[in-house]
1. Would you confirm whether any residue within segment 101-117 is assigned to a loop (DSSP other than H, G, I, E, B) and of a type outside the set (G, A, S)?
2. If you go through segment 108-126 one residue at a time, do you hit one that is assigned by TED's automatic domain parsing to the domain that holds L44 and among the acidic types (D, E)?
3. Hey, can you tell me all the residues within segment 13-66 that are over 16 Å from the mean Cα position of the chain (by Cα), touching a residue at least 40 places away in the same chain (Cβ under 8 Å) and assigned to a loop (DSSP other than H, G, I, E, B)?
4. Could you go through segment 113-132 and let me know if any residue there is surrounded by 13 or more Cβ atoms within 10 Å (Cβ to Cβ) and touching a Phe, Trp or Tyr at 6+ places or on another chain (Cβ under 8 Å).
5. Here is a check on your reading of the model: is L38 under 22 Å from E90 (Cβ atoms) and either surrounded by 19 or more Cβ atoms within 10 Å (Cβ to Cβ) or in contact with a strand residue (DSSP E or B) (Cβ under 6 Å, 6 or more places away or on another chain) (or both)?
6. When segment 8-35 is examined, which residues are found to be among the aliphatic types (A, V, I, L, M) and under 17 Å from V55 (Cβ atoms)?
7. Assess whether S40 counts as being closer than 19 Å to V76 by Cα, small (G, A, S) and assigned by TED's automatic domain parsing to the domain that holds R9.
8. Does V155 fit the bill of being at pLDDT below 85 and either of a type outside the set (F, W, Y) or assigned to a loop (DSSP other than H, G, I, E, B) (or both)?
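The values are calculated or read from the model by the stated rules, or taken from the named source; none is laboratory data. In this text the structure is predicted, and so the values were computed from the model without any measurement. Here the Cβ is made from the backbone with ideal geometry for all residues, glycine too, and neighbour counts use every protein chain on show.
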Amino acid sequence: MSRTAAIDRTADFIEHIAIVTESEGFPRIAGRIFACLLLSPEPLSLAELAARLGVSKASISQDARRLANRSVLERVGRPGDRRDYYRVPEDLFVRTMELRLERWKALHDAMATGRRTLPVCPAKVGRRLDELDSAFRYVFHAVSLALEDWRTRPVRRQRHRGRA
């Protein structure tokens, strides 16, 4: 593959990830930052990210912090260097699933509180809330078990197309 084709495919991948993360409520630039770091073997500084993505360092800074606050990225330093560097955490899947479970639980708890404290509601509404409660408990339990299984499973790294 030519260098130009490789650059085009990389840019397409970054933009595709940006669009997907945008549907999760992140700004598109946050998705581009995430994708760029996903492809980088080393942490990158804000200036390096800005240069690679062709955007301002201020925009990178704001969205990198947003991603770090959501545990999608982690901020790291280098000895003797005052700059911040960002990388995708090794345990990204576990972190994001734990956050998702926390958000699901918060919503479930709010609905359960409402179910206990709201005045008498129509039977149809009660059945809806009961169905949501049942579905939540089932899915939360299944995902929690799968996540625990994933955490305790021996890491099996496969080589992808001859690369480590």
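1. Scanning segment 101-117, I find no residue that is assigned to a loop (DSSP other than H, G, I, E, B) and of a type outside the set (G, A, S), so the answer is no.
2. no
3. S40, E42, P43
4. no
5. No.
6. A11, I14, I17, A18, I19, I29, A30, I33, A35
7. Yes, satisfied.
8. Taking the combined requirement at face value, the residue satisfies it.
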